[in-house]
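S.K.: Sending over a structure as structure tokens; questions will come in a sec.
The values are calculated or read from the model by the stated rules, or taken from the named source; none is laboratory data. Quick caveat, the model's predicted, so the values are computed rather than measured. Ideal geometry is used to build each Cβ from the backbone, glycine not excepted, and the neighbour counts take in all protein chains shown.
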Amino acid sequence: MLRITDTGLKRPFICLVFFDRHYALPLLTHSKNRREWPDAIETRLSMIQLRNIRKAYKTGYTQLDVLKGIDLDIEAGAFASIMGSSGSGKSTLLNIIGILDEYDEGDYLLDGKMIKGLSQTEAAHYRNRFIGFVFQSFNLLPFKTAQENVALPLYYQKMDRRKRQDLALEYLNLVGLADWAEHLPNQLSGGQQQRVAIARALITKPKVILADEPTGALDSKTSFEVMELFKKVNREGMTVIIVTHENDIAAMTRRIIRLRDGVIENGNATLSATK
Amino acid sequence: MTRLYLSPMIDFDKWQEIFNSIRRHPLRTTLTALGVFWGIFMLVLLLGAGRGLQNGVEYEFRDDATNSVWIRRGVTSIPYQGLPKGRRIKFTNEDYDMLAEHFGEVDQITGRFYLSGDQTISYGKTALSYSVRAVHPGHRYLENTIMESGRYINETDLSEFRKVAVIGAVVQKDLFGDEPPLGKEIKIGGTVYTVVGTYTDTGGDDEMRIIYIPVSTAQKIYAGTRELHQLMFTTRDMELPAIQQLQEEVRDAFARRHQFDVQDRKALYIFGAAEEYQKFMNLFAAIRAFVWFVGLGSIVAGVIGVSNIMLIVVKDRTREIGIRKALGATPRSIVAMILQESILITSVAGYLGLLAGVGAISLMESIAVEYFRNPRVDLGVGLSATLVLVLAGALAGLMPARKAAQINPVVAMREGG
């Protein structure tokens, strides 16, 4: 498909990130970089391709089919939300996209790479490089400062300590928390903690940001601020997928994917359709 | 290229991560460390104290020959062949001769003749009071007397009733100071003796405040009898049962000579140092066994303690493990992180326990108590015990850490707060 063009455009960009931190933030800080991307390619490029994904949990003698053949394409640079009632399989779907769980059948391509039958170590490696997670309960390490939390994914890339601490500070600055770098999570408000978590998700320059109910623990004002941050990140070109059950949160995304009983009910619902 | 350049930094970074985790979890670190510290500390203390006790008692015995047999007179408590009870048994030179002639197993023999009370000893203008023992030449071997100069009492002294004296180091210092004492004349009571030898004794100062003179001279001058107050002998190299057998034979011979019932334990007292020594040796074997039992017990308790803590630590870190995994930690790095932290904490704690134990033992050493001497601990034992605890901690942590590292991060992150 468009994979050759894809790599031709993106590889040099990614490499820069690892070698010089001054080039680490062009996506977010210099919007002119993004303008160089031809719109035509961007819109047609599939970041996530799911083909007939099936997943079942076996409990004793019964088998619970959670995902019953999911076909889904999410384009690079998308800002999508996955909605569905509890038990619809949206968490399982998110786990599969996030390489946290395996699927029984089908194919999953992430940025053209087949994600299938990975060892735990390979899965860890892909999670570290390709996925940025944001969770409902923030999941910051309580004994590490905001800066150390943001730097942690780079520890697993074996990046030099000094370098990753500097980068972490830049990303904290990006989410407006540079002054809070030395604070422990319990010294931060919920909204601040979630912004630290977003900085942590962004620092590896992943292909996709996966957010699981990111505003679930926040009040509406803070929720709005966090969503604004996601919007900003998305405007800079990052693919963002949010799992939520809140309509007003979903309404802030550009695409809504509705799940029901393990199948996609509506792959491209609009806000008006939800109302 | 970048990887290669950074590789020396990686280990340093890893340890920094571990130190950071240790520093930020003081309670968890303390709990893990405490079990190991205490186990090793108690083990070292126990082994050291046990050794000190043994050394102490062995030291108390060093004064007297451990193969000596002491015979003391008593009063009959059973009527025997028409003789009433309440008779006082008296030893004479013939008893000494009998021991020498009839018992081949007897090595060195001596009688003792005590001068009543302490005697005034004078040299020049100095006059002091010491105890005087009149003995046979064999006495030297019974008391482990160490000759420093001159000679001990000999057979010729006895047969010629010479007025010679062998003085202890304390007597020498008190009477003569720096003056050489050999050949000098001292007065014991009213009688003049020539000093022919000086000695020291491992039994301490009290044993060196004694003056030895020939038993025959004392009998003639102070009592005009052939009486002896006490008899002692050493046995040749013999096992305890043979010594006990010999003691019974000696008792038999004395019963016949002095006409008392051989069953009459109050007529004659025979005391075997070997028997006593053996009793102590048995006691030590028991104490050693007990010390090891308690020591191993404290190690087992330490192992259980560390294992429990490790289970709790892993449980406590499940959420952290989930987060780290979601951020890209491999299961291997998770297990390594937990084990390295545990090994670091337990090793340092074990080492500190060892240091504290050795320190406490040094303190005990400085306290002079009877029957306690030179507490020492085999450092090898302490180090092996530390190693056992470190390995136990690592093994106890390995299973749950492996399990936790396999849990789906999403599930792990739901655990606990």
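S.K.: Working only within region A:82-139, note down all residues that are among the hydrophobic types (A, V, I, L, M, F, W, C) and in contact with a Ser or Thr (Cβ under 8 Å, 6 or more places away or on another chain).
M.R.: Hits for region A:82-139 are A:Ile82, A:Met83, A:Leu109, A:Ala124.
S.K.: For region B:122-166, name all the residues that are aliphatic (A, V, I, L, M) and under 30 Å from the mean Cα position of the chain (by Cα).
M.R.: Within region B:122-166, B:Leu142, B:Ile146, B:Met147 qualify.
S.K.: Something else about it: Taking region B:83-99, which residues are of a type in the set (Asp, Glu) and surrounded by 15 or more Cβ atoms within 10 Å (Cβ to Cβ)?
M.R.: Residue satisfying the conditions is B:Asp95 alone.
S.K.: With B:Met98, B:Met42 as the choices, which residue is among the aliphatic types (A, V, I, L, M) and more than 30 Å from B:Ala392 (Cβ to Cβ)?
M.R.: Just one listed residue meets the conditions, B:Met98.
S.K.: Now for a different question. Could you check region A:25-76 for helices (runs of 4 or more DSSP H) lying wholly inside it with 3 or more residues that are closer than 17 Å to A:Asp101 by Cα and either touching a strand residue (DSSP E or B) at 6+ places or on another chain (Cβ under 6 Å) or modelled with pLDDT under 90 (or both)?
M.R.: none
S.K.: Filter region A:88-104 down to residues that are buried (at least 22 other Cβ atoms within 10 Å of the Cβ), at the interface with chain B (Cβ under 10 Å from one of its Cβ atoms) and in contact (Cβ under 8 Å) with a residue 40 or more places away in the chain, then give me how many there are.
M.R.: Residues meeting the conditions: 1.
S.K.: Every residue in region A:133-142 that is within 9 Å of another protein chain (Cβ to nearest Cβ) and either surrounded by 17 or more Cβ atoms within 10 Å (Cβ to Cβ) or free of Cβ contacts under 8 Å to residues at least 40 places away in the same chain (or both), please.
M.R.: If the condition is that a residue be within 9 Å of another protein chain (Cβ to nearest Cβ) and either surrounded by 17 or more Cβ atoms within 10 Å (Cβ to Cβ) or free of Cβ contacts under 8 Å to residues at least 40 places away in the same chain (or both), then A:Phe133, A:Phe135, A:Ser137, A:Asn139, A:Leu140, A:Leu141 are the ones that fit.
S.K.: Is one or more of the residues making up region B:320-331 more than 14 Å from every other protein chain (Cβ to nearest Cβ), surrounded by 15 or more Cβ atoms within 10 Å (Cβ to Cβ), at negative phi and part of a helix (DSSP H, G or I)?
M.R.: no
S.K.: Mind listing just one residue for me: the one in region A:167-212 that is in contact with a Lys or Arg (Cβ under 6 Å, 6 or more places away or on another chain) and touching a residue at least 40 places away in the same chain (Cβ under 8 Å) and, of those, farthest from A:Ile82 (Cα to Cα)?
M.R.: Within region A:167-212, the match that is farthest from A:Ile82 (Cα to Cα) is A:Leu167.
S.K.: For region A:147-160, does any single residue satisfy the condition of being in contact with a strand residue (DSSP E or B) (Cβ under 6 Å, 6 or more places away or on another chain), facing chain B (nearest Cβ under 8 Å) and buried (at least 18 other Cβ atoms within 10 Å of the Cβ)?
M.R.: no
S.K.: Would you check if B:Ala349 is more than 19 Å from the chain's Cα centre (by Cα), part of a helix (DSSP H, G or I) and either within 13 Å of chain A (Cβ to nearest Cβ) or more than 17 Å from B:Trp15 (Cα to Cα) (or both)?
M.R.: yes
S.K.: List pairs: first in region A:247-263 and outside any strand (DSSP E or B), second of a type in the set (Lys, Arg) and surrounded by fewer than 21 Cβ atoms within 10 Å (Cβ to Cβ), Cβ under 9 Å, 6+ apart or cross-chain?
M.R.: Pairs found: A:Asn247/A:Lys275; A:Ala251/A:Lys275; A:Met252/A:Lys231; A:Thr253/A:Lys231; A:Asp261/A:Lys68; A:Gly262/A:Arg54; A:Gly262/A:Lys68.
S.K.: Just checking, how many residues over region A:165-178 are surrounded by 23 or more Cβ atoms within 10 Å (Cβ to Cβ) and either closer than 18 Å to B:Thr330 by Cα or not hydrophobic (A, V, I, L, M, F, W, C) (or both)?
M.R.: 1
S.K.: Of all strands (runs of 3 or more DSSP E) completely enclosed by region B:184-266, which ones contain at least 3 residues that are within 27 Å of B:Val75 (Cα to Cα) and touching a strand residue (DSSP E or B) at 6+ places or on another chain (Cβ under 7 Å)?
M.R.: The strands (runs of 3 or more DSSP E) meeting that bar are B:230-235.
S.K.: Continuing with this model, one more query. For A:Arg200, all conditions in the list (1) within 12 Å of another protein chain (Cβ to nearest Cβ); (2) on the phi > 0 side of the Ramachandran plot; (3) not aliphatic (A, V, I, L, M) hold save one; what is the number of the exception?
M.R.: (2)
S.K.: Since A:Lys113 meets every condition but one in (1) more than 10 Å from every other protein chain (Cβ to nearest Cβ); (2) basic (Lys, Arg); (3) under 14 Å from A:Leu202 (Cα atoms), which condition does it not meet?
M.R.: Of everything listed in (1) more than 10 Å from every other protein chain (Cβ to nearest Cβ); (2) basic (Lys, Arg); (3) under 14 Å from A:Leu202 (Cα atoms), A:Lys113 misses just condition (3).
S.K.: Condition test on A:Pro206, is it part of a loop (DSSP other than H, G, I, E, B) and more than 9 Å from chain B (Cβ to nearest Cβ)?
M.R.: In short, yes.
S.K.: Could you list, in sequence order, all residues of region B:111-128 that are more than 19 Å from B:Ile221 (Cα to Cα) and not aliphatic (A, V, I, L, M)?
M.R.: Selection gives B:Tyr123, B:Gly124, B:Lys125, B:Thr126.
S.K.: Look through region A:116-132, keep the residues that are at the interface with chain B (Cβ under 10 Å from one of its Cβ atoms) and farther than 20 Å from A:Met238 by Cβ, and return whichever of them is surrounded by the fewest Cβ atoms within 10 Å (Cβ to Cβ).
M.R.: Per the stated criteria, the residue is A:Ser119.
S.K.: With the requirement that a residue be surrounded by fewer than 18 Cβ atoms within 10 Å (Cβ to Cβ), of a type outside the set (A, V, I, L, M, F, W, C) and within 29 Å of B:Arg28 (Cβ to Cβ), what does region B:348-396 give you?
M.R.: Within region B:348-396, B:Tyr351, B:Gly359, B:Ser384 qualify.
S.K.: Give the residue, chosen from B:Phe19, B:Phe37, that is modelled with pLDDT of 85 or more, surrounded by fewer than 15 Cβ atoms within 10 Å (Cβ to Cβ) and aromatic (Phe, Trp, Tyr).
M.R.: From the options B:Phe19, B:Phe37, the qualifying one is B:Phe19.
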